[in-house]
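Report on the following structure.
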Amino acid sequence: MSTAQSTAAHMRKRLYDDMDALEGVERAVLDAQSAREKAQAALELAQAGFNLAAANEQDLIERRAALRAGTLRLRNSLQTMATFPPEILAMVCAEAVSSSISFFVG
């Protein structure tokens, strides 16, 4: 075999090897793109779940604050009532009852 033929055969072999390698790399690129797309979808789903959890947390924090404020108002009212002398409380209750009776009786 001449040097030119040997060089041509070597170049053909290299061409076929490179074509095989290129085909393998193209498959790997497609696999990587598919994996990236799946990861992107999972990331978007996780972000949506995170946003939902954060909104739920915020709603609960606001509800907790409202309940705390309500219980504080009730405690303050009850504490104020607890400091009234029993005689005054009896007068207030008697007045409330008589007002209710006169409202219903007419």
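Coordinate-derived values only; no laboratory data. Since we're looking at a predicted model, the values are computed, not measured. FYI the Cβ positions are ideal-geometry reconstructions off the backbone, even for glycines, and counts take in every protein chain you see.
Below, the figures for the structure above:
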item	result
The chain - mean residue ellipticity at 222 nm from DSSP helices (-39,500 (n - 2.57) per run, n ≥ 4, rounded to 500)	-35500 deg cm²/dmol
Projected area averaged over orientations for the chain, convex hull of C-alpha atoms, nm²	14.7
Separation of the residue 30 and residue 69 label points, Cα + 7 Å toward Cβ, nm	6.1
Rounded tilt (10° steps) of 3-83 against the dominant C-alpha axis of the chain	0
